[in-house]
Amino acid sequence: MTADLTNPILTNEIAAIAHLETSRWAAGVTCPLCGSDKAKKMGGQTQAGMFLCGDCRGKFTVRTGTVFERSHIPLHKWLLATHLMASSKKGISAHQLHRMLGITYKSAWFMAHRIREAMIPAADAGPLGGEGKIVEADETEISPSRTTRAKGGRKRANNKRFVALVERDGQVRSAVIDGRGLSEVRKAVRKNVAKGSILHTDGATVYRGLMPVGTHEAIDHDKAFARDGETGRVHSNSAEGYFSLFKRGLVGTYQHISPAHLPRYLAEFDFRMNTRTKLGFNDLTRAAAIVKAAEGKRLTYRQVG
Ligand SMILES: [Zn+2]
């Protein structure tokens, strides 16, 4: 199967449904309502794609319990949106999706957010790093939307900070830092970096004492080059490269994002980094990873299109 846009799963609804059924239920259909394996496909045109559970008697489709649920948008368009988002390095705007998919802007916006939701790492995703592995930690500030109007009509900058944790030649995890930056950064490191890792930072005091079990090596900017040449490894270049890609996406693709949605945009950029070609992924397996993660991430707050 190829990953190009002529693939039938991206243009034909029957092919798309069949594709999703095989990838979701490779080991046999499981009822998403009760977990039973006694489900049968229903016959007839009106029940196309519908299964009936032999245990709970519930009806379901391949969309049930996924981010594709409760949407009138055909699944092949969902798959196309997923492929486009998975393969666009700097992201793809809702305007672009709206034009390419032939759906309303509003639908495109909600689809993109549901797909981002699927890109958020599972709750049981393990920490980064590990014994002797290098994880860089660095923070940056961005302006998701240029200004917001504060009470009294005065405009103020609406900057947000986030921290990126980057395994050397591995995975990335970013987190928004709200409120008191110091404790938030420490919390993100404690939660996402395995004990025994070597934490590389720019020397900010916030990171001191964070790796009681592992090692903390800070960059001394005055001696940065000497230190680099000496050990050949203390730097936060990977984190800086990641920030630069995110900022190019923010400026070039998204322009304005609601600060409230920043965690989802970070999840999107993290996801593409974590499924990059260097780590053995291609456009097809990247999109497949999203579809796999789409299960159990159902958003119930809003119907799409
Ligand atoms: Zn059931």
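Scanning the stretch 9-24 for residues that are in contact (Cβ under 8 Å) with a residue 12 or more places away in the chain and either outside any loop (DSSP other than H, G, I, E, B) or within 14 Å of the ligand (Cβ to nearest atom) (or both) gives ILE9, LEU10, GLU13, ALA15, ALA16, ILE17, HIS19, LEU20, GLU21, SER23, ARG24. Does GLY58 satisfy being at positive phi, over 23 Å from the mean Cα position of the chain (by Cα), within 16 Å of the ligand (Cβ to nearest atom) and not aromatic (Phe, Trp, Tyr)? No; evaluated as a whole, the condition is false for this residue. Within the stretch 1-41, the set of residues being surrounded by 16 or more Cβ atoms within 10 Å (Cβ to Cβ) and touching a Ser or Thr at 6+ places or on another chain (Cβ under 6 Å) comprises PRO32 only. Among the candidates ALA267, ALA293, ALA260, ALA289, the residue that is modelled with pLDDT of 90 or more, of a type in the set (A, V, I, L, M) and either in contact with a strand residue (DSSP E or B) (Cβ under 8 Å, 6 or more places away or on another chain) or part of a helix (DSSP H, G or I) (or both) is uniquely ALA267.
Here's the yes/no breakdown for (1) more than 16 Å from the ligand (Cβ to nearest atom); (2) of a type outside the set (A, V, I, L, M, F, W, C); (3) out of contact with any strand residue (DSSP E or B) (no Cβ under 8 Å at 6 or more places or on another chain):
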{"position": "LEU33", "(1), (2), (3)": "no, no, no"}
{"position": "MET42", "(1), (2), (3)": "no, no, no"}
{"position": "ALA48", "(1), (2), (3)": "yes, no, yes"}
{"position": "HIS72", "(1), (2), (3)": "yes, yes, no"}
{"position": "THR82", "(1), (2), (3)": "yes, yes, yes"}
{"position": "ARG99", "(1), (2), (3)": "yes, yes, yes"}
{"position": "THR104", "(1), (2), (3)": "yes, yes, yes"}
{"position": "ALA108", "(1), (2), (3)": "yes, no, yes"}
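Would you tally the residues in the stretch 103-137 being closer than 25 Å to LYS90 by Cβ, over 16 Å from the mean Cα position of the chain (by Cα) and of a type in the set (Val, Ile, Thr)? Within the stretch 103-137, residues that are closer than 25 Å to LYS90 by Cβ, over 16 Å from the mean Cα position of the chain (by Cα) and of a type in the set (Val, Ile, Thr) number 3. Summed over the stretch 138-147, residues that are in a loop (DSSP other than H, G, I, E, B) and either open to solvent by 50 Å² or more (accessible area, probe 1.4 Å) or among the β-branched types (Val, Ile, Thr) (or both) total 2. If you go through the stretch 270-281 and keep only what is of a type outside the set (D, E, K, R) and either under 18 Å from GLU117 (Cβ atoms) or not in a helix (DSSP H, G or I) (or both), you end up with PHE271, MET273, ASN274, THR275, GLY280, PHE281.
The values are calculated or read from the model by the stated rules, or taken from the named source; none is laboratory data. Because the structure is predicted, anything quoted here is derived from the model rather than measured. Here the Cβ is made from the backbone with ideal geometry for all residues, glycine too, and neighbour counts use every protein chain on show. Note: accessible area is taken over every heavy atom of the protein model, side chains too, but ligands, DNA and RNA are not part of it. Shrake-Rupley method; radii C 1.70, N 1.55, O 1.52, S 1.80 Å.
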